[in-house]
Amino acid sequence: MPEEEEIEAPVTHRLEPQISSTHRTVSSDHALREHILSQSKLWEWDVFKLEEVSGRKPLMHLAYYLIQRKNFFQIFQIPSGTLKNFLIAIEAGYQMDVPYHNSTHATDVLQAVSYFLEKEKMQGQITDLEILASYIAAAVHDHKHPGVNNQFLVATRNERAMLYNDRSVLENYHVSTAWQVMMQPENNFLVNLPEEDYRLLRNQVISMVLATDLAGHFSTLSAFNNKVLGTNTFDINQSPEDRAIFFRILIKCADVSNPARSWLVYTSWIERLIQEFLNQGDEERKRGLPVSPLMDRSSINIPAGQIGFIDVVCAPMYESFTMVVGAPEMVTSMKKNRAILMRMRDNEIPPLRLGENGRVIQRVRSTIRIAGSTTPPVQPTSSSLLQVSAISVLARPAEDSASKGSTE
Ligand code: CMP
Ligand code: MG
Ligand code: ZN
């Protein structure tokens, strides 16, 4: 491999090199998918592998798998065909051409939610109905996301902003459209739930999805932190209010868990998110609107933006959340990623750049290792190309060279 070359993003995550796409069969695909699903109990899980082996339908596979594993078909008398219909319809509602808010992101959030609920500290604390509601909330939480945010919908006087009076426009839309899917008889897998369970479940799903609006982040988090860190009185078994806050924080942590994943997975998310943000920024410019700060390709600084996001949004929430569920690996991983981002911001690690066509171009340097690198600082190059960050391929140079041919 040449010392330095450019490849076009998005990076599709690759299968293990020994199973090249030309040698895959239906049964090996199935076996591989089952293997990947069984790994979903690990924090190091790579959702992009499931995306690839599922023909970009990871959500229905993971949701079905988790519901089956928890024995919910039996517990809640769920008709399997109806559940399949629901999941297929929900997944189809996520737009594949939206770079970040597609069904792979919903799958990622679902996996994180199920991972946290499986933690030892949570055992015996959460009812099966609450687990099912949490799965549904995660699966539908960005349903039909258009790839632009609430501010854009409000500023452009979008019909959804009119419908929801500018309040949590997207989040209301996600849960409302998902429930409309559920209400079709062929999709209504909750048909056998007793009325009271149905009411509790629906209430929890709505509360969790609405909590994903970052506009309410600080008020939700301070309610949680005041009790967990302040008065030390947080108790989901004594206080129904604490219980409700717990589920809101659970989905919020899962929703912004990408900085707590492995570097490779995290940077792939950054890449997708930035593509989506820049698309919105371009659209704002075209319409003569002020360009949102993190979405302006002429001034974007991804490492600095990510460090800010970690410090302001993620770290204060992960730290108290992990005290409640016992997931210190999240914080450890976030800190490692943050350290790399700091080196990028200070130009100790080569930049990534943005191509003229608006897509992220990755600068691959096979000689550079991120962790404990002894490579001397590399100065940013480029004039016509803008600097951005996100270097998924840098983290695994060997795998990159082994697998590039099969995917690009
Ligand atoms: P959404 O998934 O709808 O809700 C959580 C939001 O957090 C998400 O949209 C993004 O707007 C934002 N977000 C998630 N991850 C990151 C990140 N790594 N950097 C900046 N913003 C993020
Ligand atoms: Mg959302
Ligand atoms: Zn989301």
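Each reported figure results from applying straightforward, stated rules to the coordinates on display, with no laboratory input. Note that the structure is predicted; figures quoted are calculated from it, not measured. FYI the Cβ positions are ideal-geometry reconstructions off the backbone, even for glycines, and counts take in every protein chain you see.
Listed from fewest to most Cβ neighbours within 10 Å, the set Met60, Met208 follows the order Met60, Met208. Once you list every other residue whose beta carbon is under 11 Å from the beta carbon of Lys119, what net charge do they have if Lys and Arg are +1 and Asp and Glu are -1? Once positives and negatives cancel, what remains is -1. Residues Asp282, Asp255 in ascending order of nearby Cβ atoms (within 10 Å, fewest first): Asp282, Asp255.
A straight chain from Glu195 to Thr233 at 0.36 nm per residue would run longer than the Cα-Cα distance by 10.4 nm. For Glu130, the shell of other residues with beta-carbons less than 11 Å away shows a net charge of -1, using +1 for Lys and Arg and -1 for Asp and Glu. Between Ser292 and Asp97, the C-beta separation translates, for a Förster distance of 25 Å, into a calculated FRET efficiency of about 0.75.
Placing unit charges on each Cβ (+1 for Lys and Arg, -1 for Asp and Glu) gives region 23-213 a dipole about its Cα centre, and among Met182, Asn85, Ser207 the Cα reaching farthest toward its positive end belongs to Asn85. The HN-Hα couplings worked out from phi for region 209-226 by the Karplus form 6.51 cos²θ - 1.76 cosθ + 1.60 (θ = phi - 60°) are 5, 5, 5, 6, 6, 5, 4, x, 4, 5, 6, 5, 5, 6, 4, 5, 5, 4 Hz, whole numbers, x standing for Gly and Pro. Rounded to the nearest whole Hz, the Karplus-based 3J(HN,Hα) values (6.51 cos²θ - 1.76 cosθ + 1.60, θ = phi - 60°) of region 326-341 follow the sequence x, 9, x, 4, 4, 5, 4, 5, 4, 5, 4, 4, 4, 4, 5, 4, with x at glycine and proline.
From the alpha carbon centroid of region 176-252 to that of region 139-169 is 20 Å.
State, as an integer percentage, the relative contact order of region 23-213 based on alpha-carbon contacts under 8 Å between residues 6 or more apart. Write down the numbers at each step before the final one.
Working: 224 pairs, mean separation 45.4, N = 191.
Value for region 23-213: 24 percent.
Basic side chains Lys and Arg get +1 at the Cβ, acidic Asp and Glu get -1 at the Cβ, and with that the dipole of region 23-213 about its Cα centre reaches some 140 debye.
Using DSSP to define loop residues, name the trypsin sites (Lys or Arg not before Pro) in region 223-316 whose beta-carbon has at most 15 other beta-carbon atoms within 10 Å.
Details: sites: Lys227, Arg243, Arg248, Lys252, Arg261, Arg272, Arg285, Lys286, Arg287, Arg297; in loops: Arg261, Arg287, Arg297.
In loop regions of region 223-316 (DSSP not H, G, I, E or B), the sparsely surrounded trypsin sites (Lys or Arg not before Pro) are Arg287.
Rounded to whole numbers, the Karplus 3J(HN,Hα) couplings from phi for region 273-289 are 4, 5, 4, 5, 4, 5, 4, 5, x, 4, 5, 4, 4, 4, 8, x, 8 Hz, using 6.51 cos²θ - 1.76 cosθ + 1.60 with θ = phi - 60°, and x at Gly and Pro.
When Thr322, Thr332, Thr25 are sorted by how many other C-beta atoms sit within 10 angstrom of their C-beta, beginning with the fewest, the order is Thr25, Thr332, Thr322.
For region 23-213, what class follows from the C-alpha gyration tensor (a ≥ b ≥ c being the square roots of its eigenvalues): rounded when a/c is under 1.5, otherwise prolate if a/b is larger than b/c, else oblate? Don't skip to the answer; put the middle values down first.
On the way: a/c = 1.63, a/b = 1.22, b/c = 1.34.
Note, shape of region 23-213 comes out oblate.
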